[in-house]
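J.: The structure that follows is given in the form of structure tokens.
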Amino acid sequence: MISDATEVAARVDMVQIFIFGMMAFWFIACNAVLVYFMLRYRRKGPDDKVANIKGNHTLEIVWTVIPCILVLIIFYYGVVVWKDLRVPPKDEPVYEIGVTGQKWSWSFKYPNGATTGNELIVPQGTNIKLNMISSDVIHSFFIPEFRVKEDVIPSMYTYLWFNAKHAGEYNIFCTEYCGKDHSHMLGKVRVLDADNWENWEKTGLMLGEERLTPLENGEKLFADRGCKGCHSVDGAKLVGPTMLDAFGRSATFASGEAYTVDDNYIANSIKYPNNQIVAGYPANQMPSFDGQLSDSEISDIITYIKTIKSE
Amino acid sequence: MAHEKTEYRPYLEPKGLYNWFWTVDHKRIGLMYLYSILIFFLLAGLCALGVRAELFYPGEQIVDHHGYNVLFTLHGAMMVFLFIVPGIPATLGNFLLPLMIGAKDVAFPRLNILSFWVYLLGAIVVLGSLVGPPGSSWLDTGWTFYTPYSIDSSTGVIPVTLGAFILGFASILTGMNFIVTIHRMRAPGMTWHRMPLFVWSLYSASLIQVLATPVIAITLLLLIMERVLGIGIFDAGMGGDPVLFENMFWFYSHPVVYIMILPAMGVVAEILPVFARKPIFGYRAIAYSSLAIALVSFFVWGHHLFVSGMSNWSRWIFSLLTFAVAIPTAIKVFNWIGTLYKGSVSFESPMLYACGFIFLFTIAGLTGLPLATLATDVHLHDTYFVVAHFHYTMQGGTVVALVGGLHFWWPKMYGRMFNEKMAQVGFWTLFIGFNATFIPQFIMGYQGMPRRYADYLGEFHDMHFLSSVGAMVNGLAYFIIFGNLIWAVFKGKRAAANPYGSLSLEWQTPSPPPLTNFDEIPTVTDWTYGYGDQQKA
Amino acid sequence: MFNHKDAPDGTFFNFHKEPPLVAYEFFKLGMWIFLATEVLFFGGLFAAYFIMKFKWPEIFSLGSAQLSIPLGATNTVILLASSFTMALGVDAAQRKDKGRLVTMLALTFLGACGFLVIKYIEWSGKISHGILPGSDVFFSVYYMTTGLHLIHVLIGMYYIGLMFFRALQGRYTDEGSSHAGVEVGGLYWHLVDIIWIFLFPLLYLLGAH
């Protein structure tokens, strides 16, 4: 069905199997008896005699007490495993990563100052704790293979933790409805083995990976950071203005002031998007990337935007 | 003093729109509610088919992302507020409650018609959100209106929440009316423990209606004020708390699912003994378990917030409380099945629906267990598993019971019989289509498919495709079912006053009943389910 | 156990009149249920109050300090007094004393007017200082709670006025008439009073004075 990629996930599956077993038993038991009664006591003629039974106290007490005991067992088992799913093990080192959710992308900030978008890079076999906050509406951070999920809320930090068993790639979904491109607010967890992780932490590159040119890096950032969701590169009008022929374009702000798009304007708009809203577009839609993108990354994005030309 | 025998004149006369719209007759009001909710059931159902059509394949099929979000929002909002909350109480409940307890009308007939007008007004206001361009003004927040998205969204949040606010008054009026009616208007001899179980279930549902609805009213009012005046109580940017909205919203919206399901359970408890010709098993347990469910329902809202940043201890307390709902629910199921034991069971269409209800409802109830369990809910929360679970309770439970109840009481309401063969075809189409739609959703939900996704990863395609095919069959079933029922009203053969041989009071009067229900208020000497005692005589 | 004596004839305008005792029993139970919904309605607001106060204790005590305790206390006394005259009015109706009922209803209405005047002074003072809903969470809660309470006062005044004219016609005190309307109106007015009794200490007194 779905693999479990952490040790706790395997234990969650045990709870799941236990409950599924119980569900199957009761489902089959109830409906087998139902169908049996339907067939066995089906009406044979208008003068059928029926048993004048109005109830049975012993039976009713038994079938009240047994479910009580069973649900208490399920509850207890669920809480025990959930505690380990929820709370990182004490007295063990924890690697903490900051997560910001925004319409419609994820940003990750690592202890060494590195940042990534939509791709969470973590070492294998390490306790990872994510400290999460939203910069706009409520999102929810979900990694099915790790069986973890927690809402990402504005103005309030939430957390989750995991410890991935193997190197590999896993899906990240947003599971709290957050508007138009909710279903495209997807990410990946890349779990790296020790060598690869050491290299990535130092250089920001995978083993054997070439450093990107500013243009390539700008294009990658433009996709990974969710810019594409609102700013088309083909002239279509989405939530925000298109980037096609954007550089050097002249237009007016909502305030009526005229402007021409240059390097400074793009850099400012990435950091403080609500300062200068282009006429005809809604305010308070774009999150601020101040502190989430380095100056060098912003400069790469500008390099890329300059190349988006219709001819 | 000899009672003057009046000439029999069915409540369906006099005809004419005026005589319906200004009526205070509970039977007419029940029917007007029925027609209205069925119109919204059709509209909301078409939205659901739109959703499923879009999801046949990944990528954009018939609508863009915003269009998809509008479709599932309208589907949810109309189904919940306009169809299923008034679903059984305001239709079958209004029609049957006075008949079942031997009264001539409800306690406040004028408040009853007021409730219907308020419902219409609320419905019009909700539909008012559709005036304006679909791209920018059709609501896209989901029926849950979670803040802060619903504060930021440029779409018609105000008309829909205001409409829901108004609809709340209709719901409160109905609930209040039913409680007073049950307390004050039972016929002589109709003691609490002789009442039909449908009346007990309406009583429990009415308690929730009057106690939970005001909380959603104030919540939606605060949300409207948030948008109009920017009061900031739910706005994180102004120091407010968006999760407070979720708490207040679910304080109503969890109990409300029991407004939907309790009367459905009541319908089933009425149908089973009639077609098994046997007393209901464990009458008091069924009656009191309805009250128990109503009570517990107020303390379990937190299970909608297991991953919403609540403190860890409140999570496990809410988990424990949620399991408490399972007990009275299980008791009911066992009692229904026990009713068939050593009976004389016949399978006319109402009985098929009742047994189908038990089958589907066991799935609905049992799939609630992994959602109440903390360890497993974290994974399943907000996936298709949840979607399938609550559709099994709402459609497999409430709608199946409503349709079964309509078949059962249709001869009472119109004095005409539907085509039994077609009714059975309708049932099996619904049964197959419904399961085909939602069983795949359980599977993909467990695999991690999140809900409210306009687009999905290729790995989920098979299950989505199956589900969409099922949905089309599911939709077709309703056209067969309601086509048959509507045909019966005009062309069906005349029904006997009591075609199923029921002992309940509503069948001891002509079909359709006269305006005043009973020529003379009946005196009740025995409980409603004396099928075993009757055969000795 | 009560039942309709006459059959409704199916149209709104010709609906029959219930016999007095029936009306009394029905209306009283109905009103109690309605009061329960009101308690839950304001209960939601009070929940919002406590959560916001817990989150922002300083804003709440600073905001509270800006409210005038003398004005609030006067209003509390006025509402309590009007509740008292209302109770006397219900008593008069039970004793079929038309003159005293009319007087008491008039006094209750006057009390409500006094409450409105003071409320106007308070609100207009705040608004002229630029303190509006949304100024901070305390004043948002303040305007929402007192505003919704005010709407309830206005609805109450409408009904008291209606009762006044009906009482003048003898609708509650004539032979064979029912005083259920006054009884129900009294219950409602006491609820309006009780809600204020909760609002006054929560908003005015629990602050830094």
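Computed from the coordinates by the stated procedures, all read-outs in this text should not be read as laboratory data. These figures come from a predicted structure and were not determined experimentally. Cβ placement follows ideal geometry from the backbone for every residue including glycine, while neighbour counts extend to all protein chains displayed.
J.: What number in nm² do you get for the range B:388-479 if you take the convex hull of its Cα atoms and divide its surface by four?
T.: Average projection, Cα convex hull of the range B:388-479: 6.4 nm².
J.: Taking amide H atoms as placed 1.01 Å from N in the peptide plane, list the residues 5 or more away in sequence, or in a different chain, whose amide H sits under 5 Å from that of A:Trp106.
T.: Under 5 Å from the amide H of A:Trp106: A:Asn118.
J.: Related question: Considering the alpha-carbon set of chain B alone, what are its Rg and its Dmax in angstrom?
T.: 23.0, 79
J.: Where in the range A:111-129 is the amide nitrogen less than 17 Å from a point lying 7 Å along the Cα-to-Cβ axis of A:Asn199?
T.: Counting only backbone N, you get A:121-124.
J.: What is the range B:24-532's relative contact order, in percent, from Cα pairs under 8 angstrom and six or more apart in sequence?
T.: 18
J.: Determine, at each q value in 0.12, 0.19, 0.20 (inverse angstroms), the log₁₀ of I(q)/I(0) that the Debye formula gives when each Cα of the range B:90-209 is one equal point scatterer.
T.: Result of the Debye calculation: -0.55, -0.92, -0.98.
J.: For A:Met23, A:Met286, what's the fewest-to-most ordering of other Cβ within 10 Å of each Cβ?
T.: A:Met23, A:Met286
J.: Using square roots of five times the C-alpha gyration tensor eigenvalues, list the equivalent-ellipsoid semi-axes of the range B:342-398 in whole Å, biggest first.
T.: 30, 12, 5
J.: Then there's this: Calculate for chain A the 222 nm mean residue ellipticity that helices alone would give, adding -39,500 (n - 2.57) per DSSP H run of length 4 or more and normalising by residue count, nearest 500 deg cm²/dmol.
T.: On the way: 6 runs with 106 residues, N = 311.
Here the helix-only value at 222 nm equals -11500 deg cm²/dmol.
J.: Taking the range B:230-382, how much of its Cα-Cα pair set, in percent, is spaced more than 25 angstrom apart? Please list the in-between numbers first.
T.: Working: 4803 of 11628 pairs.
Result: 41 percent of Cα pairs exceed 25 Å.
J.: Right, here's the next one. Near the amide H of A:Ser140, under 5 Å away, which other amide H atoms are found, from residues 5 or more places off or on another chain, if H is placed in the peptide plane?
T.: For A:Ser140, the qualifying residues are A:Val152, A:Thr175, A:Glu176.
J.: Karplus couplings for the range B:25-32 from phi (6.51 cos²θ - 1.76 cosθ + 1.60, θ = phi - 60°), rounded to Hz, Gly and Pro as x?
T.: Result, ordered by residue: 6, 4, 6, 5, 4, x, 5, 5 Hz.
J.: Relative to the longest principal Cα axis of chain B, at what angle does helix B:312-340 sit, 0 to 90 degrees, rounded to 10?
T.: 30
J.: Have a look at chain A and give its Rg and Dmax from the Cα atoms, expressed in angstrom.
T.: Over chain A's Cα set, Rg and Dmax evaluate to 27.8, 93 Å.
J.: Using a 7 Å offset from the Cα along the Cα-to-Cβ direction at both B:Leu295 and A:Asp295, what is the distance between the two label points in nm, to one decimal?
T.: If labels sit at B:Leu295 and A:Asp295, their model points lie 6.8 nm apart.
J.: Then there's this: For the range C:44-89, how big is Rg over Rh, using alpha carbon atoms and the Kirkwood form of Rh?
T.: Checking Rg against Rh, the ratio lands at 1.19.
J.: Shifting gears a bit: What is the P(r) of the range C:20-205, as percent of Cα-Cα pairs per 5 Å bin from 0?
T.: 1, 8, 16, 18, 17, 13, 10, 7, 5, 3, 1, 0, 0
J.: Hey, another quick one. Can you give the translational diffusion coefficient of the range B:475-537 in µm²/s, computed by Stokes-Einstein from the Kirkwood radius over Cα pairs at 37 °C and 0.692 mPa s?
T.: Working: Rh = 14.6 Å.
Reported coefficient: 225 µm²/s.
J.: Give the cross-link partners of B:Lys15 among the aspartates and glutamates, using a straight C-alpha distance below 14 Å as the criterion and excluding same-chain residues fewer than 8 apart.
T.: Within reach: B:Asp25, C:Asp9.
J.: Further question: Percent relative contact order of the range A:30-145, based on C-alpha pairs within less than 8 angstrom and at least six residues apart? List each step's numbers first, then the result.
T.: Working: 81 pairs, mean separation 22.8, N = 116.
Averaging sequence separation for qualifying contacts and normalising by length gives 20 percent for the range A:30-145.
J.: Still on this model: If contacts are Cα pairs under 8 angstrom and at least 6 residues apart, what is the relative contact order of the range A:214-306 in percent?
T.: 35
J.: What ranking of A:His184, A:His57 emerges when the number of other C-beta atoms within 10 Å of each C-beta is taken as an exposure proxy, fewest first?
T.: A:His57, A:His184
J.: Rounding to the nearest 20 debye, state how big the charge dipole of the range B:24-532 is about its Cα centre with +1 on each Lys and Arg Cβ and -1 on each Asp and Glu Cβ. Mind dumping the intermediate values first?
T.: Numbers: 23 positive and 23 negative charges, 372 e Å.
Here the range B:24-532 has a charge dipole of around 1780 debye.
J.: Under a straight-distance cross-link criterion of Cα-Cα below 13 Å, which aspartates and glutamates are reachable from A:Lys109, leaving out those fewer than 8 residues away in the same chain?
T.: Output for A:Lys109: A:Glu96, A:Glu119, A:Glu201, A:Asp290.
J.: Per residue of chain B, what 222 nm ellipticity follows from adding -39500 (n - 2.57) for every DSSP H run with n ≥ 4, rounded to the nearest 500?
T.: Mean residue ellipticity at 222 nm (helix-derived): -21500 deg cm²/dmol.
J.: Would you mind checking which residues have amide H under 5 Å from A:Met156's amide H? H placed 1.01 Å from N; only 5 or more apart, or other chain.
T.: Under 5 Å from the amide H of A:Met156 lie the amide H atoms of A:Ser134, each far enough along the sequence or on another chain.
J.: Quick one: Cα convex hull volume of the range A:198-311, Å³ per residue?
T.: Measuring per residue, one finds 110 Å³ for the Cα hull of the range A:198-311.
J.: Taking the Cα centre of the protein assembly as shown as the origin, how large is its charge dipole in debye, to the nearest 20, when only Lys and Arg (+1) and Asp and Glu (-1) carry charge on their Cβ atoms? Write down the numbers at each step before the final one.
T.: Values: 69 positive and 78 negative charges, 870 e Å.
Using Cβ point charges on Lys, Arg, Asp and Glu, the protein assembly as shown gives about 4180 debye.
J.: Using +1 on the beta carbon of Lys and Arg, -1 on that of Asp and Glu, and nothing else charged, what's the dipole of the range B:330-429 about the Cα centre, debye to 20?
T.: With Lys and Arg at +1 and Asp and Glu at -1, about 400 debye.
J.: Quick one: if you stick a label point 7 Å off each Cα along the C-beta vector at C:Asp174 and C:Ile121, how many nm between them?
T.: In this crude label model, C:Asp174 to C:Ile121 measures out at 4.3 nm.
J.: Give me a comma-separated list of calculated 3J(HN,Hα) values for the range B:294-305, in order, Karplus coefficients 6.51, -1.76, 1.60 applied at θ = phi - 60°, integers in Hz, x for any Gly or Pro.
T.: 4, 5, 5, 4, 7, 10, 10, 4, x, 6, 7, 10
J.: For a label point 7 Å from the Cα of A:Ala251 along Cα→C-beta, name the residues of the range A:267-309 whose backbone N is under 12 Å from it.
T.: Counting only backbone N, you get A:277-282.
J.: According to a simple spin-label model (label point 7 Å from Cα along Cα-to-Cβ), what is the distance in nm between A:Ala283 and B:Glu420?
T.: 7.1
J.: Give me A:Thr303, A:Thr116 ranked fewest to most by other Cβ atoms within 10 Å of their Cβ, as a rough exposure proxy.
T.: By the 10 Å Cβ count, ascending: A:Thr303, A:Thr116.
J.: With axes computed from alpha carbons, what is the tilt in degrees of helix A:214-224 against the longest principal axis of chain A, rounded to the nearest 10 within 0 to 90?
T.: 30
J.: Now, a different point. State, in angstrom, two size descriptors of the protein assembly as shown derived from its alpha carbons: Rg to one decimal place and Dmax to the nearest whole number.
T.: Final numbers for Rg and Dmax: 31.5, 105 Å.
J.: Also, quick follow-up: Of all DSSP beta bridges located in the protein assembly as shown, what percent are antiparallel, nearest 5? Before the final figure, lay out each step's value.
T.: Details: 35 of 50 bridges.
Counting DSSP beta bridges with both partners in the protein assembly as shown, the antiparallel share is about 70 percent.
J.: For A:Arg147, what is the net charge nearby, where nearby means another residue's Cβ is under 15 Å from its Cβ and Lys, Arg count +1, Asp, Glu -1?
T.: Result for the neighbourhood of A:Arg147: -3.
J.: May I pose another question? For each pair in A:Lys180/A:Lys309; A:Lys90/A:Lys188; A:Lys54/B:Lys493; A:Lys49/B:Lys493, compute the distance between the two Cα atoms and list the pairs where it is over 32 Å.
T.: Going by Cα-Cα distance, A:Lys54/B:Lys493 fall outside the 32 Å limit.
J.: Can you give me the Rg/Rh ratio for the range A:95-203, using Cα atoms for both radii and the Kirkwood formula for Rh? Walk me through the numbers before you get to the answer.
T.: Working: Rg = 13.2 Å, Rh = 13.8 Å.
Reported Rg/Rh (Cα atoms, Kirkwood Rh): 0.95.
J.: Shifting gears a bit: Tell me which of B:Ala495, B:Pro148, B:Trp301 sits at the most positive position along the dipole axis of the protein assembly as shown, charges placed on C-beta atoms (Lys, Arg +1; Asp, Glu -1).
T.: Working it through, the farthest residue towards the positive pole turns out to be B:Ala495.
J.: If we count every other residue with Cβ under 11 angstrom of A:Gly248's Cβ, Lys/Arg +1 and Asp/Glu -1, where does the sum land?
T.: 0
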